[in-house]
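Okay, structure first, notes after.
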Amino acid sequence: MGKRATSYELWLKEEGIPVVDGYGIEDVTALPRKPWKRTGGSGAYIDLKGMEGFTGMYVCEIPAGGALQPENHLYEELIYIIKGIGATEIWSAGDDKRKMHFEWHQGSLFAIPLNTRHRMINGSNEPAIFLAVTSAPLMIDLLHNVPFVMGCDYKFDDRFDGQANYFVPTSDRKEVGGFINWESNFIADARGALVDPSEAKGFGVRITSFDMGGSTLVGHIAEWPVGRYHKAHFHQGGAILLILRSKGYTLMWPPEAGMRPYRAGNAAQVVRVNWREGSVFSPPSGWYHQHFNTGNEPARQLAFRYSGQSGKFLLGCWRAINKEGVRTSVREGGTMIEYEDEDPQIRLDFEAAIAKVAVPMEMPQFEYAEL
């Protein structure tokens, strides 16, 4: 018996553009894009194994000097500009007289408030490319009525009411759930934005969470130094990681492979995803994953996910398997492996990887614990 398609998966087929799968994509700008009748641009959907029907993703190209067709939808959407300059027009559904707009460029990140009409405009004579992450799978599978999802005119005034300063960047940061959380509907340049210390996740790691558009679809920006790597951890599926800077790789392995998969003889179950600027990947639910910077500059990644412990609004199903959180050791009921508990082969492989490219080893020494 073949795999049954969800309402969202059936819709993807009807959209008439490529759908790319796998554990990760090394360069989203290199994906084969095809003309997209609904939007007026060209694009491709991305449906990685770890997205699991929680999140949707696509890459879209706006033609030089052109614009996409206006649309609104009953799902949340975060947009990151990969290439180009331009602007977005936005207004409440059914209220064409109160349009506002804001400008963006490479590195800009923003939210489309729920069900607002919006139009993406290319402001140059070169194509513009953006990556979008959405909650479309949840909404389309729940309602299984695409015309309603794409054609409802209800105004969510609590999300957006035409405020002139809605997309003006803010510096509103405060601690929520152990992370510094930044509430801003527009981040001008996610590649250069300030990120806050988060040493609990690894030596030299810096992480800032962000909330946009009153959504449960949120994210964070993470950065860590040359010659270092994160601690391994796991969480619910649906999280998507986009690399903004440097080169490296991520290891992912299922829980049945154990905390020390190599010592347990389960090396074959470890999936390695190589990455660089423009790479995306998504760890499946419950899979340990660990990020390694082998480049000669600090690594920076942009994570899209649902709001669990940090964030203004919580999505319970994303929080379901996170236990005490990704900053708490598995020894204490959390989902993170401390350095002393990790598989020793992981450090040896990292040392060999950076030695090949003459990057200095900057990881402090630590003693491995007996498990």
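Brief remarks on what is shown
- Checked across the stretch 51-64, the condition of being surrounded by fewer than 18 Cβ atoms within 10 Å (Cβ to Cβ), farther than 15 Å from Asn122 by Cβ, within 21 Å of the chain's Cα centre (by Cα) and modelled with pLDDT of 95 or more holds for at least one residue.
- The single residue among Asp211, Asp158 that is among the acidic types (Asp, Glu) and either over 25 Å from Glu277 (Cα atoms) or over 20 Å from the mean Cα position of the chain (by Cα) (or both) turns out to be Asp158.
- Ala164 passes every criterion in (1) assigned to a loop (DSSP other than H, G, I, E, B); (2) modelled with pLDDT under 95; (3) among the hydrophobic types (A, V, I, L, M, F, W, C); (4) crowded, with 17+ Cβ neighbours inside 10 Å apart from (4).
- Of all residues in the stretch 102-128 being crowded, with 21+ Cβ neighbours inside 10 Å and small (Gly, Ala, Ser), the one that is farthest from Ile221 (Cα to Cα): Ala128
- Unique residue being more than 19 Å from Ala200 (Cα to Cα), at pLDDT 95 or above and hydrophobic (A, V, I, L, M, F, W, C) when the list is Ala268, Ala299, Ala320: Ala268
- Of residues in the stretch 328-363 being touching a strand residue (DSSP E or B) at 6+ places or on another chain (Cβ under 6 Å) and closer than 13 Å to Gln290 by Cα, the one surrounded by the most Cβ atoms within 10 Å (Cβ to Cβ): Met336
For every residue, the table says whether it meets (1) in a loop (DSSP other than H, G, I, E, B); (2) of a type in the set (Val, Ile, Thr).
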| site | (1), (2) |
| --- | --- |
| Thr29 | no, yes |
| Pro35 | no, no |
| Gly43 | no, no |
| Met57 | no, no |
| Ala64 | yes, no |
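- Residue in the stretch 326-338 that is within 21 Å of Pro225 (Cα to Cα) and part of a helix (DSSP H, G or I) present: no
- Enumerated strands (runs of 3 or more DSSP E) restricted to the stretch 217-294, each holding at least 2 residues that are among the hydroxyl-bearing types (Ser, Thr, Tyr): 248-253
- Top-ranked residue in the stretch 129-148 [being more than 22 Å from the chain's Cα centre (by Cα) and of a type outside the set (A, V, I, L, M, F, W, C); ranked as nearest to Gln106 (Cα to Cα)]: Pro147
- Among residues of the stretch 12-47 being within 22 Å of the chain's Cα centre (by Cα) and among the aromatic types (Phe, Trp, Tyr), the one that is farthest from Val273 (Cα to Cα) is Tyr45.
- The test for being under 30 Å from Asn115 (Cβ atoms) and either modelled with pLDDT under 95 or under 16 Å from the mean Cα position of the chain (by Cα) (or both) holds for Gly238.
- Exactly one residue out of Lys99, Lys83 is free of Cβ contacts under 8 Å to residues at least 12 places away in the same chain and surrounded by 14 or more Cβ atoms within 10 Å (Cβ to Cβ): that is Lys99.
- Qualifying residue in the stretch 29-40 (condition: over 30 Å from Asp161 (Cβ atoms), in the same structural domain as Ala136 (by TED's automatic domain parsing) and hydroxyl-bearing (Ser, Thr, Tyr)): yes
- Pairs with Cβ under 7 Å, 6+ apart, first in the stretch 302-319 and closer than 15 Å to Gly53 by Cα, second in a loop (DSSP other than H, G, I, E, B) and at pLDDT below 70: Trp318/Gly308
- When residues of the stretch 12-30 are limited to those that are touching a Pro at 6+ places or on another chain (Cβ under 9 Å) and surrounded by fewer than 21 Cβ atoms within 10 Å (Cβ to Cβ), the one nearest to Ser285 (Cα to Cα): Tyr23
The values are calculated or read from the model by the stated rules, or taken from the named source; none is laboratory data. Keep in mind the model is a prediction, meaning the values are calculated, not measured. Cβ coordinates were reconstructed from backbone atoms using ideal geometry, including for glycine residues, and neighbour counts include every protein chain displayed.
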